Amino acid sequence: MIRIAIQSKGRLNEDSIRLLSEAGMKIEESRRKLLTPAEGFPLEVLYLRDDDIPQAVADGVADIGIVGLNEVEERDRDVEIVRRLGFGKCRLSLAIPKEEDYQGPGWFEGKKIATSYPGIVGRYFREKGIKANIETIAGSVEIAPSVGMADAIFDIVSSGGTLVSNGLKEVEKVLFSEAVLIGNRSLTEEKRGLLSQMTFRFEAVERSRGMKYMLMNLPSDKADEAVRILPGMKSPTILPLAQEGWCSLHAAVREDELWTKIGQLKGIGAEDILVLSLEKTIW
Ligand code: ATP
Ligand code: MG
């Protein structure tokens with residue numbers, strides 16, 4: 001049995017549960033308690049505030065956890081970062097009032113910075129040799145400069161819209177964050193084995209994200225050209241059709257390239273193109 005800590009509610013909760021479920025570990029939402037067993041894998045799920053996940057994993061209260069890299073860096077606990085998970089992307093940035101003239105990090109010397117991430121920004125200023133006053137506040141960091149609580153802020157940015165609506169501009173991007181899978185450093189042999197089965201499944205799920213599977217009919221003499229358009233995983237699969245001079249071609253394609261590839265394939269005579277969704281990709 002392995003125990004995973006995930007965020008009980010908030011931005012990472014749904015994507016964490018979805019990832020587990022796509023990897024064959026279902027959690028029954030209706031039976032949701034602080035600690036719930038998953039179905040389909042010897043796993044139990046511990047629901048925590050994201051702030052507490054790095055410590056829970058470092059102390060072995062949970063064996064592994066899903067949390068933002070920003071929280072891992074801020075709490076500075078000794079945990080292993082097993083892999084990045086590709087969701088919950090954001091960045092931690094310094095922002096100042098938009099009318100200020102900014103030439104570089106020296107601007108922050110002697111200034112007061114409001115943040116909920118004193119650890120990360122403190123390390124950043126120490127590395128740059130800048131002395132700034134860091135004011136730790138729990139929320140609504142972005143309004144601090146306009147109410148005179150601080151000269152600048154250090155906060156999470158995703159689109160930047162909140163900064164603009166508070167008259168601020170982003171001047172330094174300090175940390176790029178996303179959800180990560182973290183692990184306790186001294187897992188038993190049995191738990192290591194379970195963790196590696198889980199990461200294998202996560203990889204298969206991640207590989208299929210943004211991928212589609214295409215099938216089409218094609219004049220056989222165009223197969224070489226089609227292979228150049230669709231490199232596929234190793235190479236596309238080509239099967240002869242009952243009708244002389246035609247073949248059927250199958251390949252995995254990145255979704256963002258799908259329409260370009262379809263255009264090119266139609267251009268060389270492909271017909272009856274089918275596009276299917278890909279659920280898991282095992283290599
Ligand atoms: P908790 O109640 O668990 O302490 P929280 O309020 O601290 O939750 P959330 O706002 O749910 O945290 O955000 C969780 C994580 O989601 C953040 O630490 C960050 O890693 C990630 N995240 C991604 N995009 C954003 C965003 N635009 N704003 C805030 N967090 C984001
Ligand atoms: Mg939190």
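Look at the range 127-152: where a residue is hydroxyl-bearing (S, T, Y) and a partner is in a loop (DSSP other than H, G, I, E, B), sitting 6+ places away or on another chain with Cβ atoms under 9 Å, you get T136/S116; T136/Y117; S146/N166; S146/G167.
Results for (1) assigned to a helix (DSSP H, G or I); (2) modelled with pLDDT of 95 or more; (3) under 22 Å from the mean Cα position of the chain (by Cα); (4) not assigned by TED's automatic domain parsing to the domain that holds E39, shown as yes or no for each residue.
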residue: G110; (1), (2), (3), (4): no, yes, no, yes
residue: G139; (1), (2), (3), (4): no, no, no, yes
residue: G148; (1), (2), (3), (4): no, no, no, yes
residue: D155; (1), (2), (3), (4): no, yes, yes, yes
residue: L195; (1), (2), (3), (4): yes, yes, yes, no
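Residues that are closer than 23 Å to W283 by Cα and in contact with a helix residue (DSSP H, G or I) (Cβ under 7 Å, 6 or more places away or on another chain) within the range 221-260 comprise A226, I229, L230, S235, P236, I238, L249, V253, listed in sequence order.
Please enumerate the residues belonging to the range 55-74 that are part of a helix (DSSP H, G or I) and within 11 Å of ligand 1 (Cβ to nearest atom). Spell out how you get there, then give the answer.
Kept after step one, since they are part of a helix (DSSP H, G or I), are these residues of the range 55-74: 55-59, 69-74.
If the condition is that a residue be part of a helix (DSSP H, G or I) and within 11 Å of ligand 1 (Cβ to nearest atom), then L69, N70, E71, V72, E73, E74 are the ones that fit.
Tell me, yes or no, whether the range 162-172 has at least one residue that is open to solvent by 60 Å² or more (accessible area, probe 1.4 Å) and either within 21 Å of Q7 (Cα to Cα) or within 16 Å of ligand 2 (Cβ to nearest atom) (or both). Outline the logic, then answer.
Of all residues in the range 162-172, those open to solvent by 60 Å² or more (accessible area, probe 1.4 Å) come to 162, 164-165, 169.
Narrowing the set further to residues that are either within 21 Å of Q7 (Cα to Cα) or within 16 Å of ligand 2 (Cβ to nearest atom) (or both) leaves none.
The answer is no; no qualifying residue exists.
Which ones in the range 61-79 are open to solvent by 40 Å² or more (accessible area, probe 1.4 Å), out of contact with any Leu (no Cβ under 9 Å at 6 or more places or on another chain) and farther than 17 Å from V121 by Cβ? Full working, then the answer.
Residues of the range 61-79 open to solvent by 40 Å² or more (accessible area, probe 1.4 Å): 61, 73, 75-78.
Subset that is out of contact with any Leu (no Cβ under 9 Å at 6 or more places or on another chain): 75-78.
Matches in the range 61-79: R77, D78.
Table: residues versus (1) surrounded by 16 or more Cβ atoms within 10 Å (Cβ to Cβ); (2) without any contact (Cβ under 8 Å) to a residue 12 or more places away in the chain; (3) among the basic types (K, R).
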| position | (1), (2), (3) |
| --- | --- |
| S196 | no, yes, no |
| R228 | no, yes, yes |
| G245 | no, no, no |
| V253 | yes, no, no |
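The number of residues in the range 157-188 that are within 26 Å of G106 (Cα to Cα), in a loop (DSSP other than H, G, I, E, B) and more than 13 Å from ligand 1 (Cβ to nearest atom) comes to 2.
Do the conditions hold for P37, that is, is it open to solvent by 40 Å² or more (accessible area, probe 1.4 Å), at pLDDT 95 or above and away from ligand 2 (no atom under 16 Å from the Cβ)? Break it down into steps so the answer makes sense when it comes.
On the way: open to solvent by 40 Å² or more (accessible area, probe 1.4 Å): yes; at pLDDT 95 or above: no; away from ligand 2 (no atom under 16 Å from the Cβ): yes.
No.
Among the criteria (1) within 15 Å of ligand 1 (Cβ to nearest atom); (2) in contact with a helix residue (DSSP H, G or I) (Cβ under 9 Å, 6 or more places away or on another chain); (3) over 24 Å from V205 (Cα atoms); (4) not assigned by TED's automatic domain parsing to the domain that holds G167, the one A95 does not fulfil is (4).
Can you pull out the residues in the range 1-34 that are of a type in the set (G, A, S), within 16 Å of ligand 2 (Cβ to nearest atom) and open to solvent by 20 Å² or more (accessible area, probe 1.4 Å)? Of everything in the range 1-34, those that are of a type in the set (G, A, S), within 16 Å of ligand 2 (Cβ to nearest atom) and open to solvent by 20 Å² or more (accessible area, probe 1.4 Å) turn out to be S8, G10.
The values are calculated or read from the model by the stated rules, or taken from the named source; none is laboratory data. These numbers come from a predicted model, not from an experiment. Note: ideal-geometry Cβ built from the backbone for every residue, glycine included; neighbour counts use all protein chains shown. For the accessible areas, the whole protein counts, side chains as well, though only heavy atoms, and no ligand, DNA or RNA atoms are used. Shrake-Rupley method; radii C 1.70, N 1.55, O 1.52, S 1.80 Å.
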